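Read the structure below first, then the notes.
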Amino acid sequence: MALAMLNELLIEDPSPPLLFYQVSKTAQFDTLHYQSCFMQSVFAHFPEILFVHRTYNPRGKVLYTFLVDGPRVQLEDHLTRAVYFAIPAKEDAEGLAHMFQVFKKFNPAWERVCTILVDPHFLPVPTLAMEFPAAEVLLSAFHICKFLQGKFYQLSLDQPVERALLSSLQSTMCSATAGNLRKLHTLLSTCIPPAQLPELHSHWLLNDRIWLAHRWRSTAESSRYFQGLEVTTCILSQFFGTTPSAEKGLTALLQYMQHNSGDQASFSLGLSPQSDHTPSDVSAESPKVEQLVEARIQHSLHAICTGPAAQLCLGELAVVQKSMHLIGSGSEKVNIQILEDTHRVQPQPPASCSCYFNQAFHLPCRHILAMLSARRQVLQPDMLPAQWTAGCAASLSDILGSAWSETLDKHLAVALLTEEVGQLLQHCSQEEFERRYSTLRELADSWIGPYEQVQL
């Protein structure tokens, strides 16, 4: 049945791809390799840096996705960088050696591979080094970032500490200078309990060879790079990681790629190392799932909210469309990071968020809308307070005048600052505590009176 599905998929492909597979005695796939002609062409143009990502399905099968990376790669579509898919029989030295050998057999440009980027949990590095003797194997900045994010959530840190660590991690990943990496390393040593610090492998931050492979990107390029890989890995998990049948999961993924291949046209029209065009020169975009979801969110805002409330929320949605990043979720709360801020979203109706916009206006903010977009959901009436449902408010000035006050603005700012200062004082050394407390004491004395009259 799976072979029939794949054959049907291959018929739809305009050019015959590589499909190599082996079937076990139980009629299940032992190994499977896939590479379209377009994927092979992309790798032939950009073979220098290979990014390897692994996706596991519920039955323990693993999909290896090879993506091209590096300064010369200017492909913007999320999955257009993918140049090879493989499901090895076993994830041992023999199985992986066979997988790499098949890849090399059909891709003569493998000899030009200089760097291979892998995740921290990739153990068979010797096998990879043996099959690609001229290539350097390094941890990828993206996988280190995801590893540290996951550890921050697992440690159940206090919210201000977690927020400070995530913010520092994000800014460091977007500007991976030696100074920023040292600052993040110091922050981890200060905020993480000593017994748990070894779990974070913070020494990776001081390995300059890892970051030289990423440091050439500007802040904006780094942000787009991480967001693109986040979307790519989410798509891989959505199609392969949630399907027990490995062959059905891969088939669904390939079908998705066939219907979302906007960058293939731009690549064939000359987007290559010798071309002077930029990705924006070619507008061969196909409809995206994200655009459809955002259109549905806009429709739900107009249908449920008053006109002025919808106007405010659409302004927040515009920010989401330009810079949205879902960084993690728990059973009850979702952590949303949008470039400069990290806030905590409570998705249960009525939805709430820790950001100022939601606290002041009690309307769906960019973080709540980002959560809806990531979950492919729309706004529901019970997620909105009754006073802002259609037919209640008359104008934008009504909402602004009734919801905002200078006192609330000051209260939120002071509360956030007080909480962060308190947490930092609790987690610093005794010497650092005395120095910081002395500074606060002097400030308090100058503002509100001497120590004998006022206690901090």
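In segment 90-114, which residue that is part of a loop (DSSP other than H, G, I, E, B) and open to solvent by 50 Å² or more (accessible area, probe 1.4 Å) is modelled with the highest pLDDT? Don't jump to the end; show me each part of the working.
To start, the set of residues in segment 90-114 that are part of a loop (DSSP other than H, G, I, E, B) comprises 90-92, 107, 113-114.
Add one more test, that the residue is open to solvent by 50 Å² or more (accessible area, probe 1.4 Å), and what stays is 90-92, 114.
On the way: 90: 86, 91: 87, 92: 88, 114: 93.
Here the answer is 114.
Kindly establish whether residue 204 is in contact with a helix residue (DSSP H, G or I) (Cβ under 8 Å, 6 or more places away or on another chain), within 30 Å of residue 50 (Cβ to Cβ) and open to solvent by 30 Å² or more (accessible area, probe 1.4 Å). So that I can check it myself, show each step before the final result.
Details: in contact with a helix residue (DSSP H, G or I) (Cβ under 8 Å, 6 or more places away or on another chain): yes; within 30 Å of residue 50 (Cβ to Cβ): yes; open to solvent by 30 Å² or more (accessible area, probe 1.4 Å): yes.
Taking the combined requirement at face value, the residue satisfies it.
The sole residue among 181, 188, 229 that is under 15 Å from the mean Cα position of the chain (by Cα) and under 17 Å from residue 139 (Cβ atoms) is 229.
For residues that are modelled with pLDDT under 80 and among the hydrophobic types (A, V, I, L, M, F, W, C), scanning just segment 430-454, find the one that is most open to solvent (accessible area, probe 1.4 Å). For segment 430-454, the residue satisfying everything is 447. Here is the figure for segment 360-370: residues that are of a type in the set (A, V, I, L, M) and either within 14 Å of residue 350 (Cβ to Cβ) or assigned by the TED database to the domain that holds residue 237 (or both) total 2. What about residue 199, is it open to solvent by less than 40 Å² (accessible area, probe 1.4 Å), free of Cβ contacts under 8 Å to residues at least 60 places away in the same chain and touching a helix residue (DSSP H, G or I) at 6+ places or on another chain (Cβ under 8 Å)? Taking the combined requirement at face value, the residue does not satisfy it. Could you go through segment 367-378 and let me know if any residue there is buried (at least 22 other Cβ atoms within 10 Å of the Cβ), in contact with a helix residue (DSSP H, G or I) (Cβ under 7 Å, 6 or more places away or on another chain) and in a loop (DSSP other than H, G, I, E, B). No - not one qualifying residue is present in segment 367-378. Tallying residues that are in a loop (DSSP other than H, G, I, E, B) and either free of Cβ contacts under 8 Å to residues at least 40 places away in the same chain or surrounded by fewer than 17 Cβ atoms within 10 Å (Cβ to Cβ) (or both) within segment 160-182 yields 2. Going through (1) in a helix (DSSP H, G or I); (2) of a type in the set (A, V, I, L, M); (3) under 25 Å from residue 209 (Cβ atoms) one by one, residue 117 falls short only on (1).
The values are calculated or read from the model by the stated rules, or taken from the named source; none is laboratory data. Nothing here was measured: the structure is a model prediction, and the numbers come from that model. Here the Cβ is made from the backbone with ideal geometry for all residues, glycine too, and neighbour counts use every protein chain on show. Surface accessibility is based on the protein's heavy atoms, side chains included, excluding ligands, DNA and RNA. Shrake-Rupley method; radii C 1.70, N 1.55, O 1.52, S 1.80 Å.
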